[in-house]
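A.B. asks: Quick one: the structure is below, questions incoming.
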Amino acid sequence: MDLEATITFPGGKRVDAELQGRTIPTDQPIAAGGQGTAPEPFALFAASIGSCAGYYVLAFCQSRQIPTRGIVLRERLRYEDTRLAAVELCLELPDGFPERYREAVIRAADTCKVKRAIEARPLFVVRAVPASHHE
């Protein structure tokens, strides 16, 4: 299965990704010359990790009728110099969360597809082709 996005440049510092019938806008902060109308691409990258793990937590809880009220997933990106060195996900579970599911819900968050895609270290290929060429 392949997934293809079309990236367009609507003006200013904005860059849009068209993916699966949706347009995902990005922009740069005002301090970087953008208008700040949308998250910058790296913010979307970071949000995709946490929201993906959050989806797996949600699905885990819903399948067991465990209320999600009070559950919070916090994400912290750790840097060494300018290199992203670690992504930490901290799952805050409220009082009353079933103790027997504590480790299992952590494992559920750990199955996030975005995390697994990063861990797989995919090959990145960047090339230029004529405008009429599609692969």
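The values are calculated or read from the model by the stated rules, or taken from the named source; none is laboratory data. Since the structure is predicted, the reported quantities are computational estimates derived from the model, not experimental observations. Heads up, the Cβs are rebuilt from the backbone with ideal geometry, glycines too, and the neighbour counts pull from every protein chain shown. Accessible surface areas use protein heavy atoms only, side chains included; no ligands, DNA or RNA. Shrake-Rupley method; radii C 1.70, N 1.55, O 1.52, S 1.80 Å.
A.B. asks: In the set LEU58, LEU73, LEU77, which member is touching a Ser or Thr at 6+ places or on another chain (Cβ under 8 Å), modelled with pLDDT of 95 or more and either open to solvent by less than 60 Å² (accessible area, probe 1.4 Å) or not β-branched (Val, Ile, Thr) (or both)? Let's see the steps before the verdict.
C.D. replies: Details: LEU73 fails: touching a Ser or Thr at 6+ places or on another chain (Cβ under 8 Å); LEU77 fails: touching a Ser or Thr at 6+ places or on another chain (Cβ under 8 Å).
So the residue among LEU58, LEU73, LEU77 that is touching a Ser or Thr at 6+ places or on another chain (Cβ under 8 Å), modelled with pLDDT of 95 or more and either open to solvent by less than 60 Å² (accessible area, probe 1.4 Å) or not β-branched (Val, Ile, Thr) (or both) is LEU58.
A.B. asks: Continuing with this model, one more query. Condition check: among the β-branched types (Val, Ile, Thr), modelled with pLDDT of 95 or more, more than 19 Å from VAL114 (Cβ to Cβ) and touching a strand residue (DSSP E or B) at 6+ places or on another chain (Cβ under 8 Å). Does THR37 satisfy that?
C.D. replies: Values: among the β-branched types (Val, Ile, Thr): yes; modelled with pLDDT of 95 or more: yes; more than 19 Å from VAL114 (Cβ to Cβ): yes; touching a strand residue (DSSP E or B) at 6+ places or on another chain (Cβ under 8 Å): yes.
Considered against the rule, which asks whether it is among the β-branched types (Val, Ile, Thr), modelled with pLDDT of 95 or more, more than 19 Å from VAL114 (Cβ to Cβ) and touching a strand residue (DSSP E or B) at 6+ places or on another chain (Cβ under 8 Å), THR37 comes out as yes.
A.B. asks: Consider ARG121 against the criteria (1) in a loop (DSSP other than H, G, I, E, B); (2) over 17 Å from the mean Cα position of the chain (by Cα); (3) of a type outside the set (A, V, I, L, M): it satisfies all of them except one. Which criterion is unmet?
C.D. replies: Of everything listed in (1) in a loop (DSSP other than H, G, I, E, B); (2) over 17 Å from the mean Cα position of the chain (by Cα); (3) of a type outside the set (A, V, I, L, M), ARG121 misses just condition (2).
A.B. asks: Suppose we filter region 2-32 for residues that are on the phi > 0 side of the Ramachandran plot and open to solvent by 50 Å² or more (accessible area, probe 1.4 Å); how many remain?
C.D. replies: Qualifying residue count for the region: 3.
A.B. asks: From the set of residues in region 80-100 that are out of contact with any Lys or Arg (no Cβ under 9 Å at 6 or more places or on another chain) and among the charged types (D, E, K, R), which is nearest to PHE42 (Cα to Cα)? Even if it seems obvious, please write down each step before you answer.
C.D. replies: Step one: of region 80-100, the residues out of contact with any Lys or Arg (no Cβ under 9 Å at 6 or more places or on another chain) are 80-83, 95-97, 99-100.
Then keep just the ones that are among the charged types (D, E, K, R); that gives 80-81, 83, 95, 99-100.
Values: GLU80: 17, ASP81: 17, ARG83: 13, ASP95: 34, GLU99: 35, ARG100: 36 Å.
Within region 80-100, the match that is nearest to PHE42 (Cα to Cα) is ARG83.
A.B. asks: Condition first: of a type in the set (Phe, Trp, Tyr) and either on the phi > 0 side of the Ramachandran plot or outside any helix (DSSP H, G or I) (or both). Now tell me which residues in region 70-105 satisfy that. Before the answer, list the steps.
C.D. replies: At the first step, the residues of region 70-105 found to be of a type in the set (Phe, Trp, Tyr) are 79, 97, 101.
Result: TYR79, PHE97.
A.B. asks: State which residue pairs qualify: first residue farther than 10 Å from VAL57 by Cα and inside region 98-121, second residue among the β-branched types (Val, Ile, Thr) and open to solvent by 80 Å² or more (accessible area, probe 1.4 Å) in any location, beta carbons under 9 Å apart, and separation of 6 or more residues or different chains.
C.D. replies: Pairs that qualify, where the first residue is farther than 10 Å from VAL57 by Cα and the partner is among the β-branched types (Val, Ile, Thr) and open to solvent by 80 Å² or more (accessible area, probe 1.4 Å): there are none.
A.B. asks: Moving on to the next point. Of the residues ILE118, ILE106, only one is touching a strand residue (DSSP E or B) at 6+ places or on another chain (Cβ under 7 Å), surrounded by 12 or more Cβ atoms within 10 Å (Cβ to Cβ) and of a type in the set (Val, Ile, Thr); which?
C.D. replies: Result: ILE106 is the single residue among ILE118, ILE106 that is touching a strand residue (DSSP E or B) at 6+ places or on another chain (Cβ under 7 Å), surrounded by 12 or more Cβ atoms within 10 Å (Cβ to Cβ) and of a type in the set (Val, Ile, Thr).
A.B. asks: Give LEU58, LEU89, LEU44, LEU73 a once-over and let me know the one that is free of Cβ contacts under 8 Å to residues at least 40 places away in the same chain and touching a helix residue (DSSP H, G or I) at 6+ places or on another chain (Cβ under 7 Å).
C.D. replies: Values: LEU58 fails: touching a helix residue (DSSP H, G or I) at 6+ places or on another chain (Cβ under 7 Å); LEU89 fails: free of Cβ contacts under 8 Å to residues at least 40 places away in the same chain; LEU44 fails: touching a helix residue (DSSP H, G or I) at 6+ places or on another chain (Cβ under 7 Å).
Checking each option against the conditions leaves just LEU73.
A.B. asks: Further, regarding this structure: Here are some residues: CYS61, CYS112. Which one is of a type outside the set (Gly, Ala, Ser) and over 19 Å from the mean Cα position of the chain (by Cα)?
C.D. replies: Numbers: CYS112 fails: over 19 Å from the mean Cα position of the chain (by Cα).
Going through CYS61, CYS112 in turn, just one is of a type outside the set (Gly, Ala, Ser) and over 19 Å from the mean Cα position of the chain (by Cα): CYS61.
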